[in-house]
1. Label-point separation (nm) for R49 and I25, each offset 7 Å from Cα along Cα-to-Cβ?
2. So what's the back-of-envelope 222 nm ellipticity for the chain, counting only DSSP H runs of four-plus at -39500 (n - 2.57) apiece and dividing by all residues, rounded to 500?
3. Can you compute the FRET efficiency between E81 and S110 using 1/(1 + (r/R0)^6), with r the Cβ-Cβ distance and R0 = 22 Å? Round to the nearest 0.05.
4. Scan region 117-179 for trypsin sites (Lys or Arg not before Pro) in coil per DSSP, keeping those whose Cβ has at most 14 other Cβ atoms within 10 Å, and list them by number.
5. Sort by residue number and name the cysteines in the chain that have no neighbouring cysteine Cβ under 4.7 Å.
6. Label V32 and D161 with points 7 Å out from Cα along Cα→Cβ: what is the distance between them in nm?
7. Which of K59/K107; K80/K119; K73/K106; K54/K128; K78/K169; K69/K97 have a Cα-Cα distance over 27 Å?
8. Sorted by mean Cβ packing within 10 Å, highest first, what order do the peptides 156-168, 133-145 take?
Amino acid sequence: MAPKEKRFPLGIFIYMICFLLFLFIFIYSIYVYVHLERTKQAGNDEIERFLLDKTNIEKIENIYHFQSKRPYKIVYAKTKENEERILFIDLEKPLDKDAIRTLDRKKFMSQQEIEANWKESCHDCTLKRSQPAYINEKPLWEITHEDEEQHYFMTYYSLEDGSLYEQMKFTRKYRKKDD
C-alpha cells in the first residue's frame, strides 16, 4: 500500500489569503490617509516663504485649504505695520502677487461673530467644522453642522455682513441602528 500524500489543507490556504488581503487593505488605507493629509498641507511651506519674503506680511496666523471650482489657500496674517489681512491664494495660478487677493480683516466679521450669529439662529445644532471659504470671488465663512434631527448642513455666510450666502442640506437615506 502506497503512503498517502500529505496535502496542504484548503482551509488554511483560504485563511492565509484572507489575512494577506486584509493586511494589504489595512496598509493601503493607512497609505491613502497619510497621502491625503500631506496633500492637504502641501504648499503651505512654499506659500509661507513667499509671503514672508516677497510681501509685507510679517506673521502668518493660520492657513486654510478651501476647494471650490478652484483650489484656494486662505491665509490669516499680519503685516509689518501690524495690520490684519486675509489673503486668498489661487492654487491654479503660479505663486506670485497676481494669484493673491488681499483684504483688510477689519472690514469683515470675525469667526466668533459669525459663529455667535449662527448659534442664535440654530439653537440645538452641533458644530462640526468652521473655516473661511471663497466662492465666486466672495469671501465667506463655511459652517458645517448637524441639526436636532441629524440633518447635515454646509452653510456659507458672507464675511462682509454675516448674511446667508448659500446652504446645502444633506439627509441620510438610512437611519442609524440606535435611531
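1. That separation, rounded to one decimal, is 4.1 nm.
2. Numbers: 3 runs with 54 residues, N = 179.
That calculation yields -10000 deg cm²/dmol at 222 nm.
3. Numbers: r = 20 Å, r/R0 = 0.90.
Calculated value: 0.65.
4. Numbers: sites: K119, K128, R129, K169, R172, K173, R175, K176, K177; in loops: R172, K173, R175, K176, K177.
Counting only loop positions with at most 14 other Cβ atoms within 10 Å, the trypsin sites (Lys or Arg not before Pro) in region 117-179 are R172, K173, R175, K176, K177.
5. Those would be C18, since no other cysteine Cβ in the chain comes under 4.7 Å of theirs.
6. 4.4
7. On the way: K59/K107 19 Å; K80/K119 35 Å; K73/K106 20 Å; K54/K128 36 Å; K78/K169 35 Å; K69/K97 21 Å.
Result: K80/K119; K54/K128; K78/K169 exceed 27 Å.
8. Working: 156-168: 15.0, 133-145: 18.3.
With the highest mean Cβ count within 10 Å placed first, the list reads 133-145, 156-168.
Bear in mind that the values in this text are calculations on the coordinates, not laboratory data. Because the structure is a prediction, the values reported are computed rather than measured. When we count neighbours, we look across all protein chains shown, and the Cβ atoms used for this are built from the backbone with ideal geometry, even at glycine.
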